[in-house]
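The values are calculated or read from the model by the stated rules, or taken from the named source; none is laboratory data. Computed from a prediction, not measured in an experiment: that's the story for all the values here. Please note: Cβ atoms are built from the backbone with ideal geometry, for glycine as well, and neighbour counts cover all protein chains shown. Just the protein is used for accessible areas: all its heavy atoms, side chains included, with ligands, DNA and RNA removed. Shrake-Rupley method; radii C 1.70, N 1.55, O 1.52, S 1.80 Å.
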Amino acid sequence: MDVFEAIHNRHSEKKVKQDAVPRELIETLLDAAVQAPNHYKVRPWRFVVLMGEGRKKLGDVMAASQLNRHPDFPPEAFDACRALSLRAPVVIAVGVDKPSEPKVLEIENVCAAAAATQNLLLAAHAMGLGAKWRTSEWARDPMVKKFLGFEVDQHIIGFIYVGYPEFVTEPAPRPSFEDRTVWMG
């Protein structure tokens, strides 16, 4: 698939089936992800792949955290929260290492992990998979971070939901670059 086609059409997947995705395909996505550029070759990305029971455990942690913060919420709110991690057969949490030496800047690590995530999304689309990047409050939640093996002050830049598209729609028009670009020279 042409890279421009992948970039422009990646947004067309709407919902994924719950069919299992072979581990080899996920490994191929991760291999594409780690080809991203990164300053000083520090490879600051961290991936936690959740499948099967791992997704259910993540949902339980999310519901427990919500209960701690909002004990007055109705029970169905916790059930809905628990179901978030079950929207796709694979959820990949993408974390970012904190800089380990003075010359490495936090923003560079975050940018490198974001580039890795974009590589993963484009590779998924090129392979016929559906993939969505989500963050929400769960990317900042201390209980979720601990469950995934991250430090409280470590960034999670997203949860990537991966599966086979149930259906594909025409991509919605996206805004142009023109109103966000200044030409100098």
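Among the candidates Val152, Val182, single out the residue that is over 21 Å from Ala33 (Cβ atoms) and out of contact with any helix residue (DSSP H, G or I) (no Cβ under 8 Å at 6 or more places or on another chain). Only one candidate qualifies: Val182.
Within the option set Phe147, Phe73, being over 12 Å from the mean Cα position of the chain (by Cα), more than 29 Å from Pro165 (Cβ to Cβ) and aromatic (Phe, Trp, Tyr) holds for one residue only, Phe73.
Does Leu84 satisfy the criteria of being open to solvent by 80 Å² or more (accessible area, probe 1.4 Å), part of a helix (DSSP H, G or I) and not aromatic (Phe, Trp, Tyr)? Spelling it out, it is not the case that Leu84 is open to solvent by 80 Å² or more (accessible area, probe 1.4 Å), part of a helix (DSSP H, G or I) and not aromatic (Phe, Trp, Tyr). Checked against the criterion of being in a loop (DSSP other than H, G, I, E, B) and farther than 19 Å from Ile157 by Cβ, the candidates Pro71, Pro99 yield just one match: Pro71. Please specify each residue of the range 145-185 satisfying the condition of being over 22 Å from Cys111 (Cα atoms), aliphatic (A, V, I, L, M) and either touching a His at 6+ places or on another chain (Cβ under 8 Å) or not in a loop (DSSP other than H, G, I, E, B) (or both). Residues satisfying the conditions are Val168, Ala172. Which of the residues belonging to the range 31-69 are in contact (Cβ under 8 Å) with a residue 60 or more places away in the chain and β-branched (Val, Ile, Thr)? Correct list: Val34, Val42, Val48, Val61. The number of residues in the range 139-185 that are touching a strand residue (DSSP E or B) at 6+ places or on another chain (Cβ under 7 Å) and either surrounded by 13 or more Cβ atoms within 10 Å (Cβ to Cβ) or within 28 Å of Arg23 (Cβ to Cβ) (or both) comes to 20. Residues in the range 102-122 that are open to solvent by 20 Å² or more (accessible area, probe 1.4 Å) and assigned to a helix (DSSP H, G or I): 10 in all. Do you know which residues across the range 87-101 are under 27 Å from Leu129 (Cα atoms) and open to solvent by 50 Å² or more (accessible area, probe 1.4 Å)? Answer for the range 87-101, where residues must be under 27 Å from Leu129 (Cα atoms) and open to solvent by 50 Å² or more (accessible area, probe 1.4 Å): just Arg87.
Answer yes or no: is there a residue in the range 59-82 that is touching a helix residue (DSSP H, G or I) at 6+ places or on another chain (Cβ under 9 Å) and under 26 Å from Glu5 (Cβ atoms). No, that holds for no residue.
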